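Following: one structure in C-alpha cells, then a few remarks.
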Amino acid sequence: MNDAVLSPPPPGTQGGPKVLLEVFGCQMNKLDGELVAGALRKAGYDFTDRDEEADAVLMVTCSIRDQAEHRVHSHLGELAVLKRSRPELAVGVLGCMASREGSALLQRWPALDFVAGTRDFPKVASLLDEVRADRVRLVAVDGDPRVSEERDLAVRPHRARAFLTVMRGCDKRCTYCVVPRTRGFEVSRPMHEILDEAKRLVDDGVTEITLLGQTVNAWGRAFGSSLGDLFHEFERLDGLRRVRFTTSHPEEMDERLVAAMAACRKAGLFLHLPPQSGSDAVLRRMARGYTAARYREIVQQLREAIPFVQLGADIIVGFPGESEDDFELTYQLMEDVRFSQAFVFRYSPRPGTPAFGALVDDVPDDVKRARLATLLDLQARLASERHASMHGEVHEVLVEGTSRRDSRRMFGRNLAFDRIVFPGDPSLVDEYVHVRLGESTALTLAGELVADPAFAG
Ligand code: SF4
C-alpha cells in the first residue's frame, strides 16, 4: 500500500512558473498531492514532469518505512547537484517527512528551501511564493488539524475515480507506527462537507469514490455517527456506482457499518483490515488493542453478514521478540483467513515511534527475510487457489488503464477490488465492462470481454 509513486502532473496552461510535483506513499498522499496541485494552480503555477524545466520541485513525502524516506533523501541529493548550476530552483519537502523532521531536514540539506507538514498544505503556494521572491528558507509544521479539503476538480488524475478524505490523523498508538506523530490526532470531517464534495465529484463524472482515513472506520465517532451512515447517504447519490474505503482498524468495525455494507449495493466488497500479526504476545507489544481470537471473530461476523466480502491484510514480520511460535501463529492466521491481498513487511525501527529505543530489534535480518519469503509463498498459493476457483465467473470491471506488460491488454477492478486484465483498447478507460475470467495466475486474474452479461452463460 505504500509503494513510492510519481503523480502525473497536470498540464501547464497558465504560463506561470513551473512546478514538478512528486508524490510518494499511500493513497492519502496521492490525494494530498491533488490538494497541493489545486492550491498551486489557483495561485498561478503550472506543472511539468521534467527537472530541467522546473522552477520548483516539491515532494509530498512518506515516513512509514525507511525505504520511502531513502528515496526522498536520494532525490534531494540529486537536486543539490542540480541547484549548483540552477541556484534559482526552489525545493520543498511536504507531508509526513516534513512533519517528522521539521527544521532538521533544512539543516541536513542546504539545497532545501522549505518544509511544510501534513497540516500545512494550504500554505504551500504562499510559502513557495515567499521562497522564490526573497530566497528565504522556511519551516511550517504547526498547521490547523481541521485542514481545508477544498479541491480543484481540474487537477483530478482520473475521470471516473476519486479519493475523498473523510478524516485525518489517528488516536491509536501502535508502537511501530509514525503516523500519529506525523498526522496528529484524529479529526473527522462533518458529513455535510463530505456529501457536498462527493456530489461535486459525481457531477464532474466520478462514478467510484474511495473514502480515505488512517482509521477510516472510526469516522464520525466524535459526533455519534458511523461510516455506515455515510454509505446509506451515498446509496441515494445518483450517478455514483461504487464506494470503497481504506484503511480500517479491526477494533473500529461496528455493527452499523457492517449492516450498511451488507445492505448498500454500491458498497465495495473489499475491506483492508490489517491484522499485523497472529500472535497475541506480538499484538500486545504492538499495542494493537485486540487479540488474534478477536480478529478471527470480527472476520467471521463480516463474512456471515457479507458473504462475498474479500479481505486485505498488512503483516509485519520480525517485530521485536517475535519467536518461531509467534510467526507460526501469523502463518496460521493467514492460511485460515485467506486474504485476497496481503502486504507483508519486515519490521524496521522508525525514529519517532513508541517502539524506537523501547523495544530491542532482536530478530536477525536473515530470519526476517526468511519469514517474509515464507508468507509471500503462502499468499501466492492462496491467491492461485482462489483465482482458479473463480474460473468462468463474469465480473463487472471499472477499466483503469493499459497493462504495463502488454499494450493490447487493459486492466481494471471489480467490486471486490481484484485487479483483472483483459484484451481491449484505451477507449474503454473509465467505462464499466464485463469480463469472463479464464486462465489466471497467482498474480493476475485474466479474462475476456463479455458483450452482454445476460448471455454470459
Ligand atoms: S491505527 Fe496504528 S498503524 Fe494505523 S495509523 Fe493509527 S497508529 Fe498507525
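Nothing in this text is a laboratory measurement; each read-out follows from the coordinates by a stated rule. All figures in this text were calculated on a predicted structure; none of them were measured in a lab. Every residue, glycine among them, receives a Cβ derived from its backbone with ideal geometry; neighbour counts consider all protein chains shown.
For region 337-457, the relative contact order is 22 percent, taking Cα pairs closer than 8 Å that sit 6 or more residues apart in sequence and dividing their mean separation by the residue count. Once a ≥ b ≥ c are taken as the square roots of the eigenvalues of the Cα gyration tensor of region 247-393, is the result rounded (a/c under 1.5), prolate (a/b larger than b/c) or oblate (a/b not larger than b/c)? Cα axes put region 247-393 in the oblate bin. For the chain, the Cys residues with no second cysteine's beta carbon closer than 4.7 Å are Cys26, Cys62, Cys96, Cys170, Cys264.
Kindly work out what percent of the DSSP beta bridges joining two residues of the chain are antiparallel, to the nearest 5.
That works out to approximately 35 percent antiparallel.
The antiparallel fraction among DSSP beta bridges confined to region 153-386 stands at about 10%.
Remark on the chain: Rg and Dmax equal 22.4, 69 Å (Cα only).
Taking the Cα centre of region 153-386 as the origin and placing charges on Cβ (Lys, Arg +1; Asp, Glu -1), which of Gly352, Leu283, Gln300 is farthest toward the positive end of the dipole? Final value for the positive-end residue is Gly352. Past 20 Å, Cα to Cα, is the threshold; run Lys18/Lys83; Lys123/Lys172; Lys172/Lys199 against it and keep the listed order. Distance filter (> 20 Å) returns Lys123/Lys172; Lys172/Lys199. For region 153-386, the spherically averaged projection of the C-alpha convex hull amounts to 13.2 nm². Classification of region 394-455 by its C-alpha gyration tensor yields a rounded form. The axis ratio a/c (a ≥ b ≥ c) stays under 1.5. Projected label points at Ala263 and Val360, each 7 Å from Cα along the beta carbon direction, are separated by 5.4 nanometres.
For region 18-140, the Cβ-based charge dipole about the Cα centre amounts to some 220 debye (Lys, Arg positive; Asp, Glu negative; other atoms uncharged).
If only the Cβ of Lys and Arg carry +1 and only the Cβ of Asp and Glu carry -1, the dipole of the chain around its Cα centre is close to 400 debye.
In terms of packing, defined here as the mean over residues of other Cβ atoms within 10 angstrom, the peptides 402-408, 126-132, 245-251 line up highest first as 245-251, 126-132, 402-408. Count Lys and Arg as plus one, Asp and Glu as minus one, and take only other residues whose Cβ is under 9 Å from that of Phe47; the net charge is then 0. Computed from Cα atoms alone, the Kirkwood hydrodynamic radius reported for region 18-140 is 14.0 Å.
Do the sum for the chain: with -39,500 (n - 2.57) for every DSSP H run of n ≥ 4, divided by all residues, what is the mean residue ellipticity at 222 nm, to the nearest 500 deg cm²/dmol?
-10500 deg cm²/dmol
Simple point charges give the picture: +1 on the Cβ of Lys and Arg, -1 on the Cβ of Asp and Glu, and for region 394-455 a dipole about the Cα centre of about 260 debye. Across region 402-408, rounded Karplus estimates of 3J(HN,Hα) from the backbone phi angles (6.51 cos²θ - 1.76 cosθ + 1.60, θ = phi - 60°) give 8, 4, 5, 7, 8, 5, 8 Hz, Gly and Pro being marked x. When each of the peptides 199-212, 265-278 is scored by the mean number of other C-beta atoms lying within 10 Å of its residues, the order from highest to lowest reads 265-278, 199-212. Would you mind pulling out the separation of the Cα centroids of region 371-393 and region 51-83, in Å? Between the Cα centres of region 371-393 and region 51-83 lies a distance of 36 Å.
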